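Asks: Got a structure for you, written out below as structure tokens; questions coming shortly.
Derivation of every value follows stated rules applied to the coordinates shown; laboratory data play no part. Since this is a predicted model, take the numbers as computed values, not measurements. Cβ: placed from backbone, ideal geometry, glycine included. Neighbour counts: every protein chain shown.
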Amino acid sequence: MQLLTAAIPALEDLQKNEGEAGRRKISQVTRYVAFGWTILQSTMLSCFLLRDFAYDFGVPFVVETVLALTAGSMFVMWVGELITERGLGNGASLLIFLNIVSSLPRVLGETVDLAQTGDRGTIGGIVILFLVFIATIIGIVFVQEGTRRIPIVSARRQVGRKLYLEKSNYLPLRLNQGGVMPIIFASSMLIIPISLVQFIPSPAFAEFMGRNFRATSPLYILVYLVMIVFFSYFYASLVVNPEDMSRNLKKMGASIPGIRPGRATTDYISKVLNRLTFLGAIFLGLVAVVPSLVESATRVQTFQGFGATSLLILVGVAIDTAKQIQTYVISQRYEGMVKS
């Protein structure tokens with residue numbers, strides 16, 4: 001829906017110009033899209049089950065599966081919206097966060113068991129992998145919070161006999177505009193050629209895909225990195241519009257020192273944004289690839305499935321929730337000062 005909002009003019013108008021009523025309409029459209037997408041996915045899943053198992057489930061099984069999965073998905077979406085409305089943070093993100101955190105005890109328990117039964121090489125591999133994960137989390141925090149502050153200066157204004165001097169401020173541009181979305185897009189696209197093996201009955205094609213599209217193969221890593229860079233630029237172009245920024249600065253009577261308003265400001269913001277996006281994309285690529293390579297090198301598979309996407313979601317949701325709690329505490333203090 002984020003992509004569709006930027007691509008469809010009607011949805012973009014609802015988001016930008018209709019205020020709270022427009023956002024409610026977009027939320028309603030999101031529910032309908034989620035409902036239709038859930039029916040499609042549950043139907044495909046039940047058909048795959050019919051094909052892969054020898055049991056003759058029949059049409060009633062498909063109908064029951066679709067109803068159960070659709071009802072469960074709608075319930076989860078409702079709980080997420082309820083958390084967003086009455087709690088702190090984004091409800092859907094918090095549910096995903098809890099799902100990832102719930103797997104940590106099992107992962108840590110299996111790792112401890114492996115360390116107790118393994119040799120010195122296994123223990124050394126676990127230590128190396130643990131240090132890589134800690135370094136990755138620290139890097140994610142720095143990149144998620146990293147911004148390039150472009151200085152802007154407001155023009156002088158005269159109201160009556162008073163002359164208001166120019167005020168200095170800054171325009172923050174995040175280093176990683178897309179968050180975890182480029183990795184999700186790239187992973188989803190890489191599933192397509194792997195899925196083609198099930199539909200193309202060719203032993204040579206199956207052997208080629210199995211050899212070259214493993215998580216540690218050079219071709220897979222190269223394609224993965226290229227797609228992460230591509231989707232980082234693609235998502236950044238949807239999230240940040242330099243022309244809108246330049247237009248808004250001009251309306252506010254503000255400008256970037258040394259840069260003319262209008263086209264020059266748009267070009268300057270675009271250049272800075274492209275450089276930031278490239279650095280963010282390279283970091284996302286390293287976060288996505290390095291843990292898997294270290295797991296393969298150390299032969300420690302207990303953290304399998306707990307990769308880059310999970311780490312980015314954990315760190316991002318934790319930072320956003322902490323900020324919202326801090327904002328809530330500050331607002332409560334101000335309310336108490338006003339009442340007293």
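Asks: Angle between the Cα long axis of helix 242-251 and the longest principal axis of the chain, 0 to 90 degrees, nearest 10?
Replies: Relative to the chain, helix 242-251 is tipped by roughly 20 degrees.
Asks: How much length would be gained if the chain were fully extended between ALA6 and LEU98, taking 0.36 nm per residue of separation minus their Cα-Cα distance, in nm to one decimal?
Replies: Between ALA6 and LEU98, full extension yields 30.2 nm more.
Asks: Using +1 at the Cβ of each Lys and Arg and -1 at the Cβ of each Asp and Glu in the chain, identify which of MET1, LEU190, THR265 lies farthest towards the dipole's positive end.
Replies: Checking the options against the dipole of the chain, the answer is THR265.
Asks: What does the net charge come to around ILE150 if you take all other residues with beta carbon closer than 14 Å to its beta carbon, with K and R at +1 and D and E at -1?
Replies: Computed value for this residue: +4.
Asks: Suppose every K and R has +1 on its Cβ and every D and E has -1 on its Cβ; what is the size of the dipole of the chain about the Cα centre, in Debye to the nearest 20?
Replies: 1980
Asks: By how many degrees, 0 to 90 and rounded to 10, does the Cα axis of helix 19-52 deviate from the longest principal axis of the chain?
Replies: The angle comes out at about 10 degrees.
Asks: Residue farthest toward the positive end of the dipole of the chain, with Cβ of Lys/Arg at +1 and Asp/Glu at -1: which of ILE138, ILE221, GLN116?
Replies: Among ILE138, ILE221, GLN116, the one farthest towards the positive end of the dipole of the chain is ILE138.
Asks: Based on C-alpha coordinates, I'd like the Rg and Dmax of the chain, in Å.
Replies: Calculated on Cα positions, Rg and Dmax stand at 24.8, 88 Å.
Asks: Under 18 Å from the 7 Å Cα→Cβ point of SER27, by amide nitrogen: which residues of the range 73-101?
Replies: Answer for this model: 74-95.
Asks: Can you tell me the order of 135-142, 280-287, 211-218, 14-21 when each peptide is scored by its average per-residue count of other Cβ atoms within 10 angstrom, highest first?
Replies: 280-287, 135-142, 211-218, 14-21
Asks: Under the 0.36 nm per residue contour assumption, what length would be gained going from the current alpha-carbon distance of LYS251 and VAL272 to full extension?
Replies: 5.4 nm
Asks: Helix-only estimate, please: 222 nm mean residue ellipticity of the chain, summing -39500 (n - 2.57) across DSSP H runs of length 4 or more and dividing by its residues, to the nearest 500.
Replies: That calculation yields -25500 deg cm²/dmol at 222 nm.
Asks: How many lysine pairs in the chain, separated by 8 or more positions in sequence or lying on different chains, have Cα atoms less than 21 Å apart?
Replies: 6
Asks: Using 7 Å Cα-to-Cβ label points, what is the LYS323/THR216 separation (nm, one decimal)?
Replies: In this crude label model, LYS323 to THR216 measures out at 3.7 nm.
Asks: Separate question: Can you tell me the FRET efficiency between ILE128 and TYR170 if r is taken as the Cβ-Cβ distance and R0 is 35 Å, rounded to the nearest 0.05?
Replies: 0.30
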